[in-house]
Structure formats: structure tokens, C-alpha cells
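Worksheet for the structure shown next.
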């Protein structure tokens, strides 16, 4: 009988014991954004026993879009998770994703103010260990920017066009000094890399709290500076790509008027955007291109002479005339006359087709 009573009392005692021991730091955990704070048990670190289970409460932050960052030694010797609800391991466990890329040291969990507390749960410990740990509450935008800032700066530096040869056109450098084909390929890659940086910066900006906007916050000011630098470089590269693309096509099209003809729409776009270029750059570009354009009229005239059908004339005569105008040049008489002929031909052809369609409709009625 005594044995049965003892077993019963032991069972009741064990049933009343929690499966997880709560670790209560001193000083208490604070959700105020204040850098990294050590977790201490008074003046000492917590001691964790092998195969035991623990949990620690972390209060909710003051706003949404925060990270709870936890740095802990021997992370690989423990199985841990963060959850917004915890009842001694009972019921369904909702685990918050650890977004850290450093599984051996750091956890960072997205948290908000939708609950009162979060619970960091130590599900298992492989050996007796000393818990050497610190934590930090930080807005997500700040943490993401701080951890990416150096890499973003390096990417910007490595994908910035060397403007010295470009700015020296007509004085210290000549168009012949450029490898335009290589510049086209290289700049496309640079632009693609910077657009990725821009996308990362925009993603960070999307979670800015209103309280940080237009402040002197150091991280915010660094963000604004690098964002503007990226935007300025992308704007420059857009115009630079148009320049090297046209000049590469000009070079490739030498002794190939058909290839020059294909470049006419791009030439027109470049000339229409002349205000985006320094005077010396546009002057050198314009001179080279204008020296080539006279080749096109004989080429177009032969195309028209060889035409044997009644389809519209599809030539870049209109773009050619507009290119001269955009460059601030008088349109040569043969260019204007040829373009007028092409437009009149296509207009009359369309009128004829419209008349034929009307007659067909009358005959069918």
C-alpha cells in the first residue's frame, strides 16, 4: 500500500512539473531599440543542462516590421525556435522563420506588436553548456540596410562607368579610342547589377516607418545618399548605352549601308536626346554620324527602283529627315524630296486600297 501511495504521489508531482524551464534574465529583457544587450542571470550566464528544455520571454516591440536579433554561441548544439504562443509545448506550435544566413551564430526573427510576448524556445541541448547570448530589437529596414550597406557600396563602385575617356571626347580622347562593342556588353551588365541594387533599396524603403522620414538618422541619411548615387549612375548609363550602341552600329556598318539603315531609328533617338550629353560628346558623335548619312539616299532610291509589288514602301526616310532636324541641321534637299515621295506613295496606295474596299462592299450588298 505504501508503495502504491508513493507511486501515486510521484505521478502527481511529475504531472505538475513543467516540461520547459523558464529562463528569467536579470536585468529583464527590454524591447527598446538600444543595440546589443547581453542575456545575464544576474552577473552570470545561464547554465543549460544536457537534454533539458527551456524558454525565454521576449516582449513585443513598439511597432510592426521589427527584427528580434539573437546572437548565441554553440547555436548548433541546440534546437531552438521563436513562437508568438507557448503553453509548455502543448498544442500546435507556430514557429517564426529565422531569416538568418548564419546558422552557427545568429538568428533574426521578424516580430511585431500584434501580441504581448514572443517565446524563444530551446527544444533540446546536446551537452551541458554556458549560454553566451545577446539580443537586439531593431527595425527591419535598419537591420537590412546595415547588413547590406557595405556590399551595396562595393557593387555600386564596381559597376560605375569610367567617365574620364567619355568626358574627354574631342580634347584628350577620340572616338577611335573606344571599343564600343565591349562597352555595350560591359555597360549592359553594369546596369543589370545596379538595377538589382536599386530593387533591394526600394524593398528596404517600402518598410520605412514614418518616424524616420526626413530625419538626420545616420542609417537613413546613408540610405538616401546611396540611393541617389545609384539613380544618378543608372540615368547616366541609360544615356551612355544609347551613345555606345549607336557608335558601335556606326562602326559595324562601315561598307554596309543596310546595317546603317537599321541604325537610323536609334540615331534619331540619340539626336532627340542631345540635351543629355555634354556639348563635346554630342559634337563628336554628330559629326561622325552626319558624315555617314548621305550614303542612305542612294541606298533607298535603289530599294524603290527594285520594288516590283504594290505594298507600302517601308524605309526609314521619315526617321532620316527627323534625325537631321533633331541634330539642328538643315535637311538636305534630296532627303526631303525622297521622304515626300515615299509618304505620297504610301498615302495614295492606302487611298486606293480604301476605294477598292468600298467598291467590294457595294458589290457584296
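The values are calculated or read from the model by the stated rules, or taken from the named source; none is laboratory data. This one's a predicted model, so the numbers in the text were calculated from it and none came from an experiment. Heads up, the Cβs are rebuilt from the backbone with ideal geometry, glycines too, and the neighbour counts pull from every protein chain shown.
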Handout entry: Residue within region 115-137 that is out of contact with any strand residue (DSSP E or B) (no Cβ under 9 Å at 6 or more places or on another chain) and closer than 30 Å to residue 278 by Cβ present
Key = no
Completion exercise
Of the residues in region 154-173, those that are over 19 Å from residue 195 (Cα atoms) and either touching a strand residue (DSSP E or B) at 6+ places or on another chain (Cβ under 7 Å) or not in a helix (DSSP H, G or I) (or both) come to 163, 165, 168, 169, 170, 171, 172, 173
Practice task
Might you check whether a residue that is under 30 Å from residue 288 (Cβ atoms), buried (at least 16 other Cβ atoms within 10 Å of the Cβ) and in contact (Cβ under 8 Å) with a residue 60 or more places away in the chain occurs anywhere in region 190-201?
Solution key: no
Completion exercise
In region 342-365, anything farther than 19 Å from residue 319 by Cβ and in contact (Cβ under 8 Å) with a residue 12 or more places away in the chain is listed as 349, 350
Problem - Any strands (runs of 3 or more DSSP E) falling wholly within region 77-153 and containing at least 1 residues that are assigned by TED's automatic domain parsing to the domain that holds residue 41 and under 33 Å from the mean Cα position of the chain (by Cα) - result: 78-83, 106-111, 117-125, 133-139
Exercise for the section: Please specify each residue of region 302-317 satisfying the condition of being touching a helix residue (DSSP H, G or I) at 6+ places or on another chain (Cβ under 7 Å) and loosely packed, with under 15 Cβ neighbours inside 10 Å. Expected result: 310, 312
Exercise for the section: Answer yes if at least one residue in region 236-249 is outside the structural domain of residue 172 (by TED's automatic domain parsing) and farther than 20 Å from residue 321 by Cα, and no otherwise. Expected result: no
Exercise for the section: Please determine, by comparing only the residues of region 225-238 that are over 20 Å from residue 189 (Cβ atoms) and loosely packed, with under 14 Cβ neighbours inside 10 Å, which one is nearest to the chain's Cα centre (by Cα). Expected result: 228
Practice task
Among residues belonging to region 36-51 that are in contact with a strand residue (DSSP E or B) (Cβ under 6 Å, 6 or more places away or on another chain) and in a loop (DSSP other than H, G, I, E, B), point out the one that is surrounded by the most Cβ atoms within 10 Å (Cβ to Cβ).
Solution key: 39
Exercise for the section: For residue 71, indicate whether it is in contact (Cβ under 8 Å) with a residue 40 or more places away in the chain and either farther than 15 Å from residue 136 by Cα or outside any strand (DSSP E or B) (or both). Expected result: no
Exercise for the section: Can you give me the ranges of the helices (runs of 4 or more DSSP H) entirely in region 241-348 with at least 1 residues that are in contact with a strand residue (DSSP E or B) (Cβ under 6 Å, 6 or more places away or on another chain), at pLDDT 95 or above and within 25 Å of residue 168 (Cα to Cα)? Expected result: 279-292
Practice task
Taking residue 252 as the residue in question, decide whether it is farther than 17 Å from residue 161 by Cβ and either surrounded by fewer than 16 Cβ atoms within 10 Å (Cβ to Cβ) or not assigned by TED's automatic domain parsing to the domain that holds residue 339 (or both).
Solution key: yes
Exercise for the section: Determine if region 339-359 includes at least one residue that is outside the structural domain of residue 176 (by TED's automatic domain parsing) and touching a helix residue (DSSP H, G or I) at 6+ places or on another chain (Cβ under 6 Å). Expected result: yes
Problem - Residue check for residue 67: modelled with pLDDT of 95 or more, in contact with a helix residue (DSSP H, G or I) (Cβ under 6 Å, 6 or more places away or on another chain), surrounded by 13 or more Cβ atoms within 10 Å (Cβ to Cβ) and in the same structural domain as residue 132 (by TED's automatic domain parsing) - result: yes
